[in-house]
Structures are given as C-alpha cells and as structure tokens.
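Step one of this worksheet: look at the structure below.
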Amino acid sequence: MFLEQSGNRIGFGEGFKSMTINLKQLSKLLKLSPTTVSRALADYPDVSAKTRARVKQMAIQQGYQPNPVARRLQKGKTETIGIVITPEQNYFSDTFFIDLLSGISNQITRAGYELILGVASDEEHEMQSMRRMVEGKRVDGMILTLIREQDPRVGYLLDRDFPFVLYGRTRETRPYAFVDMDGKQAFEKACTYLAGLGHRRIALLNGEPGFMFPVGCREGYESGLFLSGLELDPDLIREWKHKDPSQSSYRWTLELFKNDNPPTAILFQTEAVNGIFKALDELDLQPGKDVALIGYDDLEIARIHRPSLSVLRPQAREAGQRVVNILMEVIKGEDPGKFQEIHQVEMVIRETSLPPS
C-alpha cells in the first residue's frame, strides 16, 4: 500500500530485492530475441508451446522477474486502485474504517494490485486529489467511502466513465456499483427491540447531516417507532459531527436529559460512545440500568467497556473485500449497475439493553 499526501508518495512494507537477471540477459542465455522471450513469458500463441516451456523453465532457474512497470505499460494498466480520505473519517482512530480498509487492502493485494491512499485536508482537496489520480492515469479504479447525499465525486467519475465502487449509496440516479449496509433495517430492528422491552422514550443520536448513511438510520428509527405504536418526538433526535463526535455527542446527551421527560434508551453510532459515556457519568446515570444503549459498529470499546455495549454489527472487513471484487469486474468492463448490494447488519445484545427501571 502507498500513502499519498500533498503529492508525495511513500511506500510501506517494501523489502530489498535480490539481484536477478534482466530480459536481455535471459534472451542471451536462451539464444532467442528479447521479443520472442517476452511473448513466450506472456503465453502468446504465435510462440510454440515447446519454446514457451523452455523459456519459462530458464526464467525460473535464473530467478528472472519481469519489470512490473514494463508489464503494466504492456497491458495498458497501472494495476493500482485509489482511495482518498478526509478528516471526517478520523483517519485511523476509527476501528471500523481500519477494518474496512484492511479488507480492501488485503483483497487488492490478492488481485495483484496496489493501493494508493490519498489523504486530503478538506472536501475541495479531496476532489483535487482524486482528479490527479484519474486524469493522470495513475489508477485503474477508485473506491469511495463516507458517501454524501449529493456526492460530486460520483458525478465526476460517471461523467468520465471511470471504474469505481462506493461503500455506501448516494442520491445519484444513474446506475453505479456499490456495497452498503442496511442502516434502515438495523435501526428499525434496534428500535422495535427496545420498544419490546418497554421503552417508550427512545432517543436517536444520529450522524452528521449531508451524509447518506444517517438518512437510512433515521428512516429506520422512525419506522421502528411507527411499528411499535410510538409517536415521533423531534426533541429526542440529535446529530453529532464527524470532526468532533465525542464532544458533540457529550453535549447532546446532556441536553437530552434536561428534557422534562428524558429518554430511557438511546440509539447511536459508536463513534459517539465516548461522549455519551462521559455525559452519563456526569449525570450519575448507569448505562443499561438507568438508560439502555445500542450503538452501531462493534468497536473495541463496545466489547471492553463495563457494562458491555449492545451493538448493531456490520461486517466491515468482508464488505471491503466485496468492494474490491466488484471493482475488478467493473475494471474488466462489466456493467456497474449489476453490482448493487445491500448487506444485513447483525444485532448483538450485551449488557446495556435492559428494560426501563
């Protein structure tokens, strides 16, 4: 994988190569032209099977490794995939994103490709970084994450007929490939579960407006209330910011409990969990006992905190692998509209989702 920032590219995990012979030296040993040797190694049918076998055997014996740059030029491919991330993703402090990126990176390696990870300072810089990758022909495809409702990146790539896959969905009406988690179904399930325990005041600490995933979460929350015969109370809905999830969720949790009729349960995305725990501690309220909690994403803190946090668990690593598999098909020329997958989310009940006291 390569990390790219402000136009610089830094390689990670590259070892020193042992000395090997080049194509010209291999050709001399075989007493064949470099063109014949190259075509034999590439399995061109105009080279006899006997010659191809002899060339390959000698290449193995001599430790010949083809020049990767030359091979890519010959194929007309960079064999590289690009991703650009912004501060909204909290880079590597978000373990869900790390799992997603791990699945992506491992699968890209298995496909014989490399990953360039661009780090942008803001939305404008993000677009500039992506344009450099695409228009500079530095990548064969792009993977987009943290999708906005109206996402200019998607329109840009569609206009250029450039291969890409989204982790998430957007409002774009033209067909495009994506893998997404069913946030609506997940939050509906969690809301009806809490209502079934007897909770009648269920709050939602949702993600930042303008991004697509929180839209589905709110839709699922509202649907869960309706299915449970509960009225929607706008005073029980708050939205935290990607740039400061802990601080904004801390502030909103304190505000929720200033209500004359405070919630007995809270649904949220677990990036906000530290702020929620801090506020509940100041309010002398115990998670699970005084207020039920169910978070989205099974982050490490959800498992190690006492009491342990009930969660909605997406399969991030598997989703990342699937994104890459789809992108490989789109790069080959398959119709992107054929690859639109919505995956279900598992609900894991632990110690913070008890009936109201």
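Can you spot a residue in the range 218-238 that is in contact with a Pro (Cβ under 8 Å, 6 or more places away or on another chain), open to solvent by 40 Å² or more (accessible area, probe 1.4 Å) and over 24 Å from residue 307 (Cα atoms)?
No.
Using beta carbons and a limit of 6 Å, which pairs, at least six apart or on different chains, have the first residue in the range 242-256 and part of a helix (DSSP H, G or I) and the second one of a type in the set (S, T, N, Q)?
Pairs that qualify, where the first residue is part of a helix (DSSP H, G or I) and the partner is of a type in the set (S, T, N, Q), are 246/274.
With the condition being open to solvent by 50 Å² or more (accessible area, probe 1.4 Å) and modelled with pLDDT of 90 or more, I'd like the helices (runs of 4 or more DSSP H) fully within the range 29-122 carrying at least 3 qualifying residues.
Output list reads 49-62, 95-110.
Quick one: what pairs do we get from the range 35-49, first residue within 18 Å of residue 64 (Cα to Cα), second at pLDDT below 85 and open to solvent by 80 Å² or more (accessible area, probe 1.4 Å), C-beta under 8 Å, 6+ apart or different chains?
42/74
Have a look at 224, 210, 216 and point out the one that is of a type outside the set (A, V, I, L, M, F, W, C), touching a residue at least 60 places away in the same chain (Cβ under 8 Å) and over 14 Å from residue 275 (Cβ atoms).
After applying the criteria, what remains is 210.
Could you check how many residues of the range 244-289 are of a type in the set (Lys, Arg) and within 16 Å of residue 305 (Cβ to Cβ)?
Selection size over the range 244-289: 2.
Take residue 239 and decide whether it is touching a helix residue (DSSP H, G or I) at 6+ places or on another chain (Cβ under 8 Å) and under 27 Å from residue 150 (Cβ atoms).
Against the criterion (touching a helix residue (DSSP H, G or I) at 6+ places or on another chain (Cβ under 8 Å) and under 27 Å from residue 150 (Cβ atoms)), residue 239 qualifies.
Pick out the one residue from 178, 164, 211 that is over 23 Å from residue 290 (Cβ atoms) and modelled with pLDDT under 95.
211
In the range 276-296, is there at least one residue being under 17 Å from the mean Cα position of the chain (by Cα) and either over 30 Å from residue 168 (Cα atoms) or modelled with pLDDT under 95 (or both)?
Scanning the range 276-296 turns up at least one residue that is under 17 Å from the mean Cα position of the chain (by Cα) and either over 30 Å from residue 168 (Cα atoms) or modelled with pLDDT under 95 (or both).
Can you name every residue in the range 241-258 that is surrounded by fewer than 24 Cβ atoms within 10 Å (Cβ to Cβ) and under 24 Å from residue 188 (Cβ atoms)?
242, 252, 256
The values are calculated or read from the model by the stated rules, or taken from the named source; none is laboratory data. Because the structure is predicted, anything quoted here is derived from the model rather than measured. Backbone-built Cβ (ideal geometry, glycine too); neighbour counts: all protein chains shown. Calculation scope for accessible area: heavy atoms of the full protein, side chains included, ligands and nucleic acids excluded. Shrake-Rupley method; radii C 1.70, N 1.55, O 1.52, S 1.80 Å.
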